[in-house]
Structures are given as structure tokens and as C-alpha cells.
Amino acid sequence: EGNNRIKQMPQQLSAIDNAGSNFCVLSAKASAGHLLYSMDVICNKNPMLYKLLIIAFTFTLVGCSQNNRIAVSEIGYRYDKEVERDSLDLEVITDKHKKEYIYRFAGDSAHYSHFHLTVLTNSDSVILFYADTARLVDQKSIDGKLIKKYYYNREDMADEELHLFIAEDIGLIGYVEEAWDGYSIFNHPNTDIEEKLRQEKTGFFYKR
């Protein structure tokens, strides 16, 4: 009867690697991940252009997004009592259109995502939760920090309903499982906003 864990297989990456091709393939790893770029350049006849493309492309990638990794702990509760604790790695990917929060179990070599949320820059009425959406249903200021409450529900599934709590500039700080009378909080460094959310008494977080 553990938490309703959600995992997703990572998207498979592909690349072109053909020494006989006229395409010069530049694969640059930057803060946002991997990006594949191909151009009709005969590499062995244009070595200087090849080098310049690599340099320019790398700077372009770095300028488009920022990436941070943070150690986070998840504490699970059932009937308001702590039942489990997990160490997570949080990866935050930011660009001008969105901010992604990807939570993985620490040391998970398969890199499955435990939770993957995307907050859009131009709208807060919904967030992306994996390939689905969760809609904004409430918000509250706690200790000067605005907390937004989102509701996730799949019509074709049972007992997966969640309330997700997002703190500005922090990420996911908690969720409540509607069907299981359980919840979790996510402790991030240098803040105790998660515990203050857990202790609030109005029913905004967990109805006791």
C-alpha cells in the first residue's frame, strides 16, 4: 500500500552516424540535454567551418536554456503519519517558454522520472504533468510564498487523482492522493515551506 508511484520511460534518442554521408552531424550536449543538428557540409573539405559550427552551436544551446540539479527528499504520509522517505534528484530546466521540474529517484541508473511537471511561462491555468495536464483550482500565500494547487485526473483511469502543490521558484512541494488518504511533501534545500504547507489547518492542503 505504498504511494501511488508514477514512472515514465525516457524518450529514446536517435542520431545519424554514417561516415560515407555528405551530412556533417553535430551532436552537442548542453544544459537542456541532447540536440542533433545536421547540415549539408562535407566535413573533410571544410574543417574550419566544421569547428566554427560546433563552437557556435554549443554557445546557442547554452544561451537558450539553463539547467540545475538539486538534492530533494520526499516524505510520504498515510493517515497523517510518516510511512516512507526517499532521496530524489531534482533537475530544473528553464527557457523563455517554460520551466520543467523532473524528479528522479537518487541513484536510479535508468533515469526514470518519478514526477515530471512543466510550468508554462505565459499561463498558469494548467501545468503539464507527463503527457497530460493538471488544472489550477486554488492558490494561497504561505509565509510570503505563493502556493498553487493543481488537480490531476484521468477519466480513463481509477484512483490516480492527485492534488499537486507548486511553489514559485521552488517546484513541487507536495501532493495529495485523493483515493488513498495519503500525501507526500518534498523537502528542498534552504526552505521549510513544505512543512508549513503540511501543517496548515484550512483544508487547502490535506483535509484532516
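The values are calculated or read from the model by the stated rules, or taken from the named source; none is laboratory data. For clarity, every value in this text was computed on a predicted model and none was experimentally measured. Counting neighbours? That spans all protein chains shown, and the Cβs are built from the backbone with ideal geometry, glycine included. What goes into the accessible areas is simple: the full protein's heavy atoms, side chains included, and nothing from ligands, DNA or RNA. Shrake-Rupley method; radii C 1.70, N 1.55, O 1.52, S 1.80 Å.
Return yes or no: is LYS149 of a type in the set (D, E, K, R), part of a strand (DSSP E or B), open to solvent by 10 Å² or more (accessible area, probe 1.4 Å) and more than 21 Å from ALA71 (Cα to Cα)?
yes
When the residues of segment 125-146 are narrowed to those that are in a strand (DSSP E or B) and touching a residue at least 60 places away in the same chain (Cβ under 8 Å), which ends up surrounded by the fewest Cβ atoms within 10 Å (Cβ to Cβ)? Ranking the candidates gives ASP138 first. Here is a check on your reading of the model: is TYR183 assigned to a strand (DSSP E or B), among the aromatic types (Phe, Trp, Tyr), farther than 20 Å from ILE93 by Cα and open to solvent by less than 50 Å² (accessible area, probe 1.4 Å)? It is true that TYR183 is assigned to a strand (DSSP E or B), among the aromatic types (Phe, Trp, Tyr), farther than 20 Å from ILE93 by Cα and open to solvent by less than 50 Å² (accessible area, probe 1.4 Å).
Counting only residues that are without any contact (Cβ under 8 Å) to a residue 60 or more places away in the chain and open to solvent by less than 20 Å² (accessible area, probe 1.4 Å), segment 186-199 holds 3 of them. For segment 93-115, filtered to residues that are farther than 27 Å from GLU178 by Cα and in a strand (DSSP E or B), the residue that is most open to solvent (accessible area, probe 1.4 Å) is LYS98.
Restricting attention to segment 152-180, the residues that are open to solvent by 20 Å² or more (accessible area, probe 1.4 Å) and either of a type in the set (Lys, Arg) or assigned to a loop (DSSP other than H, G, I, E, B) (or both) total 14.
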